[in-house]
Amino acid sequence: MQERWTVMSPQADENQEARFETWQNGESIPFENEEARQAYRDRVGLIKDAVQMKQPPQRIPVCPAAGFFPVEYAGRTMHEAMYNYQILAQVWTKFFADFKPDFYNSPAGIVSARVMDVMDYLLYEWPGHGVPEEQGYQYVEREYMKADEYQDLIDDPTGFFLSRYFPRIMGALKPFERMPLMPAVNEISNLAPTLAPLGSKDFQEALDKLHEAGREAGRWFEALGGINRTVMGRGYPAFSGGFTKAPFDVIGDTMRGTRGVLMDVYRHPEELAEACERLTPFTIRAGINSALGAGHMMPIIPLHKGADGFMSEEQFARLYWPSMRKMIIGLIDAGLVPLLFAEGSYNTRLEVVSDLPPGKVIWWFDSTDMALAKKTLGRTACLAGNVPLPLLCTASETEVVDYCRVLMNTAGRGGGYIFSTGAGMQGAKPGNVRAMIDFALNHRVDG
């Protein structure tokens, strides 16, 4: 039997067309008027043409990454935005009303600090909880999975996450260390021993914390839904919806940590590769479920440990890319368009990652050479990016416009390009942001 997710399914093209049609119709969106509805449909059409590369779009779609900039622009703190959902709604709608890019970035990255408080979340520090109130959240780099635990992860990923990983990253779930083995070896004599840990006081308290966090998460989702309806109702589609990660990054980012996983490349390469394969179906399912739950078709996939300098080209091709490629094919088969955010530089990866079906993904670049990317990967894949954040923070408006002109003429010629920043715009000068967006919306590339 052919291994799954090595070749695109025959239904993938049809599935993608159906997803685009659903997204473009926007049936659940409360549009302000018919003009907003038509603007929404036209903007989705720009992305569709850019992705499929069958014809150049009418113009290059403009989709800068907001990052935390809307909070700064409104003169608010991250603490206020993460704890007060009404303030979050105010700052987000103000940004899009004032700057009017083609596409809308949901504030899903401004996560609920209240949920993290309840769960005693240990993976991050956030405003008022380890970092100043005006700053963004910060990841706490540690080994939350040990090097000798690969086989346990491989044998039972769900059990490993429930009984080992979650108790290490959420203080409220420490009692889950006594989670019964699932599936249990069921027989009448084993019923009571299996269920006994679930009746302890601290386990019940952990379940109560989950319930409390779930209720708070529901309030946060309700607030996000209101923001989404307001902005999209004015004719601005969301640029992405849903989230997943490359299997290697699932392990390297928040389980083994950067140092741990890069040591494993040398010390435990076979276990690392097998664990990535084992996690691949979970990453596909996460991307599909989250995208469809958001009513979208473009889950964002931030890529971290595969950037130039983290590993050799041979190691990338052997350990990072195989499971990631399967994940991408799995998402494509479902009719989705993976939005691959390649943080850092991918100059030495471009030939390898070109091995994908044409017209099915977006490669959003941070600091990759866009001329080189256009000549190689750009033959079959839509590109996005890469206005540098330092430019927006320190340059003049003229310098920003000059950069954008060269970028759009280089990457946008012939279609297959989405104008965007290389990262979120936190710290940018408002004048530079306005100059960038206004220029990009009005610029036309010849040919």
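The values are calculated or read from the model by the stated rules, or taken from the named source; none is laboratory data. If you're wondering where the values come from, they're calculated on a predicted model, not measured in any experiment. FYI the Cβ positions are ideal-geometry reconstructions off the backbone, even for glycines, and counts take in every protein chain you see. These accessible areas exclude ligands, DNA and RNA; they are computed on the full protein's heavy atoms, side chains included. Shrake-Rupley method; radii C 1.70, N 1.55, O 1.52, S 1.80 Å.
Worth a mention:
- Given (1) over 22 Å from Asn432 (Cβ atoms); (2) open to solvent by less than 20 Å² (accessible area, probe 1.4 Å); (3) not in a helix (DSSP H, G or I), number of the condition Pro64 does not satisfy: (1)
- Candidates in segment 416-437 are the residues that are open to solvent by less than 10 Å² (accessible area, probe 1.4 Å) and either at pLDDT below 95 or not aliphatic (A, V, I, L, M) (or both); of these, the one that is nearest to Glu343 (Cα to Cα) is Gly422.
- Identity of the residue in segment 395-409, surrounded by fewer than 16 Cβ atoms within 10 Å (Cβ to Cβ) and of a type in the set (Val, Ile, Thr), that ends up farthest from Gln52 (Cα to Cα): Thr398
- Tally, over segment 273-300, of residues that are in contact with a helix residue (DSSP H, G or I) (Cβ under 7 Å, 6 or more places away or on another chain), among the hydrophobic types (A, V, I, L, M, F, W, C) and surrounded by fewer than 22 Cβ atoms within 10 Å (Cβ to Cβ): 3
- Residue check, Gln135 polar (S, T, N, Q) and in contact (Cβ under 8 Å) with a residue 60 or more places away in the chain: no
- Residue match in segment 120-128 (condition: assigned to a helix (DSSP H, G or I) and either under 19 Å from Gly226 (Cα atoms) or open to solvent by 10 Å² or more (accessible area, probe 1.4 Å) (or both)): no
- All of Ile29, Ile87 fail the test of being part of a loop (DSSP other than H, G, I, E, B), at pLDDT 95 or above and buried (at least 16 other Cβ atoms within 10 Å of the Cβ), apart from Ile29.
- Count - residues of segment 290-330 that are small (Gly, Ala, Ser) and farther than 13 Å from Arg349 by Cα: 7
- Within segment 164-181, restricting attention to residues that are at pLDDT below 95 and open to solvent by less than 60 Å² (accessible area, probe 1.4 Å), the residue that is nearest to Thr194 (Cα to Cα) is Pro180.
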